[in-house]
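The values are calculated or read from the model by the stated rules, or taken from the named source; none is laboratory data. Note that this is a predicted model, so its numbers are computed, not measured. Cβ sites come from the backbone with ideal geometry, for glycine too, and all protein chains shown count toward neighbours.
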Amino acid sequence: MGSVLVAKEGKPVFNRSYGMASLEWSVPNSPTTRFNIASMTKQFTAAAILLLEDRGKLKTDDLVKKYLPAAPASWDEITIYHLLTHTSGISDNAVKYVPGTPDKLDFNDEPLNFQTGERWAYSNLGYIVLGYLLERISGQTYEEFVEQNIFKPLGMNDSGMFSFVTVIPRRASGYWPGRNGIENADHFDARLGFSAGSIYSTTEDLLRWENGLFGGRLLSPASLRKMITPFKSDYGCGLYIKRVNGHLMIEHDGNNIGFNSDMAYYPEEGIAVIVLANLNGTVTSKIARALAAVARGETPPIPSIHMVAQVQKGPLTESEAVALAERFIAENGYTDLPPDKTKLSHETIEWESNTDKMLEQRHDTLERRAYGVRAGRKGREPGWTVVFRYKHPGDGRSRSNGRAVTMNLDGSKPRVEHVDFILRYAKKL
């Protein structure tokens, strides 16, 4: 269920919606239905930071501690650019974002995961720090800044900050597949995603964004070039930049509870593809690439819209959960790894309902390092999470590649999520 839009040279050539924005009220999705775009938010945060640089308010090579002096000593060499490109090395425990009026960051003096600038590791937390930093420098809330400096100038009247508290007209409800069909997805605290994942938008508004960004209506040529120049692991500032089947693609996806999204721009052909979904398990990235191929006149394989898990009676074993997760993540197109990453392995987290503490059990083999973590949250259905990892060939250390598959113990409700979201869930027990 969701909406898709394909454009050539800035003009829509395919603009359709499918399924329901609200199953309860039989309200269909439409091109003006508003979806949480999850991590696609990051490109807006990156553009906002670059706007401040264009206006002389900051430099991306400024040290973060110039603006956030309370940051620990381990942050001494981290620049704004390192946060933009996921190369800061900060750990998931380095800082806690506390939403409120005003919001705040609580820093912990945690060692870096790697020396700043040397490696790449996807970090929602880094983009949350960028949003907080933007507020301190601009004197506005993140919401006010993007509204006044991005949405309004580009005519994006159907975009804003996602919330389950605020009444948002034409907001899609989020769903996920269950044992007996589609179910309502859990509501999440949208404030926690902040500048890393809390924007909502429509396919038509996102085309306005693509046209404005790549049409030179928002950033200076130098800032746009910085944004779409990959630094490490095909990542620039809030966007992936890489060649796929010989075609240059500038892209980012988004995955949250009840919502999936993907937006890709092919500058050499002038093709933009936007896919927004309100039913977890959709292969949004594969659909986006298939639609781009059609726009080029190619005949791509037609991806399945959902990979439905084979639900069995009783819970899956760990090996069965891992096998299902590997198949699901492959179906969703998340197996690509940068050249410096090898030996994809996994970390498993088993959720138990109605428990209030987390116990860790560690074991190592020659081929993988897996951490079996029993964890839970009162009211949460029991389940498995499989976090995909790699071993760096240089030092052999195991690191996350940023993706995880979460499912119930019987394999139902499989969905792709970001690793730090999963680990943050566990650590909040």
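The residue that is surrounded by the most Cβ atoms within 10 Å (Cβ to Cβ), among those in the range 44-90 that are small (G, A, S) and under 29 Å from G160 (Cβ atoms), is S88.
Restricting the range 145-177 to residues that are among the small types (G, A, S) and more than 18 Å from N255 (Cβ to Cβ), the residue that is farthest from the chain's Cα centre (by Cα) is G155.
Hey, does the range 82-93 have a residue that's of a type in the set (G, A, S) and either under 21 Å from Q43 (Cα atoms) or not assigned by TED's automatic domain parsing to the domain that holds R225 (or both)? Within the range 82-93, one or more residues are of a type in the set (G, A, S) and either under 21 Å from Q43 (Cα atoms) or not assigned by TED's automatic domain parsing to the domain that holds R225 (or both). As a summary of the residue check, R119 satisfies the conditions (1) in a strand (DSSP E or B); (2) closer than 19 Å to I80 by Cβ except for the one numbered (1). The number of residues in the range 128-145 being of a type in the set (S, T, Y), more than 15 Å from L63 (Cα to Cα) and assigned to a helix (DSSP H, G or I) comes to 2. A residue that is in a loop (DSSP other than H, G, I, E, B), in contact with a strand residue (DSSP E or B) (Cβ under 8 Å, 6 or more places away or on another chain) and of a type in the set (F, W, Y) can be found somewhere in the range 147-163. Restricting to the range 13-45, count the residues that are in contact (Cβ under 8 Å) with a residue 40 or more places away in the chain, assigned to a loop (DSSP other than H, G, I, E, B) and out of contact with any helix residue (DSSP H, G or I) (no Cβ under 6 Å at 6 or more places or on another chain). Qualifying residue count for the region: 8. Report, by residue number, each residue of the range 259-278 that is in a loop (DSSP other than H, G, I, E, B) and not acidic (D, E). The answer is P267, G270, N278. In this structure, R171 does not satisfy being in contact with a Leu (Cβ under 8 Å, 6 or more places away or on another chain) and charged (D, E, K, R). With respect to M1, is the statement that it is farther than 15 Å from A172 by Cα, in contact (Cβ under 8 Å) with a residue 24 or more places away in the chain and either buried (at least 18 other Cβ atoms within 10 Å of the Cβ) or over 23 Å from the mean Cα position of the chain (by Cα) (or both) true? Answer is no for this residue. Applying a threshold of 9 Å to beta carbon distances and a minimum spacing of six or more residues, or different chains, the list of pairs starting in the range 287-300 at a residue that is in the same structural domain as P267 (by TED's automatic domain parsing) and ending at one that is part of a helix (DSSP H, G or I) and of a type in the set (V, I, T) reads P300/V294. Within the range 245-257, the residues that satisfy the criterion of being under 30 Å from G174 (Cα atoms) and either assigned to a helix (DSSP H, G or I) or aliphatic (A, V, I, L, M) (or both) are M249, I250, I257.
Within the range 266-280, being within 21 Å of the chain's Cα centre (by Cα) and surrounded by fewer than 24 Cβ atoms within 10 Å (Cβ to Cβ) holds for one residue alone: Y266.
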